[in-house]
Structures are given as C-alpha cells and as structure tokens.
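Some notes on the structure that comes next.
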Amino acid sequence: MTRHVVAPVAEIPPGARRVVEAAGKRIVVFNLEGDFFALLDRCPHQGGALSGGIQCGLTLSDEPGWYHFSRAGEFIRCPWHQWEFDIRTGKSWFDPRRIKVRPFPAGVAAGAELVEGPYQAETVPVRVEESYVVIEA
C-alpha cells in the first residue's frame, strides 16, 4: 500500500469529512472527535457515495416510550437507500435478505444473540503524522 497525505489535521475539524482520490479510489476521511477513520466512498449495496450521506448516531430502546441516543455522528447513512454504517468499523447491521412483508414472531433477546448483517463498507487505514492526516490505499 502507498501512503497518501490527505490534509493538515487543522483542515479536517472534529465532525468534518474530506473526500480524496488515492490509488484510483475515492476515499472519505472522517474526524470523530480527533480520531480519524477512512472508508471507501462507495456503499457496498449499490455503490452510492457515502460522502454524500448524513452522519447520525445510535438509538437504542429497551421498551416502548424509552429511547437512548449515543455515538452521535459515528454512523454514515447512504444517501441512496439509507443504509447506515459504523464509521469506526465499516459494519452495518442491515440484512436485506430479511426484508419481507410478512409477519414474524416477536420476542426479547439479549444483544449477543443478534446477528450482524452481511454487508460492510471497506475501511482504509488512516493515521496522523506530524500534524497531517495520512491514509494508506
């Protein structure tokens, strides 16, 4: 892999993102509170540009009427079909094989029993060197 300088750290403030071309690929670099992460700028579903998506957080609920919001800005939502990916890992919990209009039994299960979706956005190694954001592509 070849190293590519993205920008000085100061040019990508917390909460911001920057799209770059490296090794013939479009890559989007995110600053999450001073930690940098990079994803291939392509949704694995149908190729939508993740850089055009909305950053959002995680909403959990243990019961109706109770919600807990966390990890603000740590997920990117594909602008085409709204699939959400964890910016830190590239993982999505969405599984399109389960989208059907039919009834399902409902129940309560521990989080460890749930299965991750099969799709994952491709991550790119990123680090800070002498006040510059650097990716490897």
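The values are calculated or read from the model by the stated rules, or taken from the named source; none is laboratory data. Quick caveat, the model's predicted, so the values are computed rather than measured. Because the Cβ atoms are built from the backbone with ideal geometry, glycine has one as well, and the counts that use them run over all protein chains shown.
Listed here are the strands (runs of 3 or more DSSP E) enclosed by region 51-131 that have at least 1 residues being at pLDDT below 80 and over 28 Å from Ala38 (Cβ atoms), and there are none. One residue stands out in region 23-49 among those that are in a strand (DSSP E or B) and either of a type in the set (Phe, Trp, Tyr) or farther than 15 Å from Arg127 by Cα (or both): the one that is farthest from the chain's Cα centre (by Cα), namely Lys25.
For beta carbons closer than 7 Å, sequence separation of 6+ or different chains, a first residue in region 22-39 that is more than 14 Å from Ala7 (Cα to Cα) and a second that is modelled with pLDDT under 90 and among the polar types (S, T, N, Q), the qualifying pairs are Ala23/Thr2; Leu39/Thr123.
Residues in region 1-18 that are in contact (Cβ under 8 Å) with a residue 24 or more places away in the chain and in contact with an Asp or Glu (Cβ under 6 Å, 6 or more places away or on another chain) were compared, and the one that is farthest from Ser92 (Cα to Cα) is Arg3.
Candidates Val29, Val6, Val19: the one that is under 25 Å from Gln82 (Cβ atoms) and either buried (at least 20 other Cβ atoms within 10 Å of the Cβ) or modelled with pLDDT under 90 (or both) is Val29.
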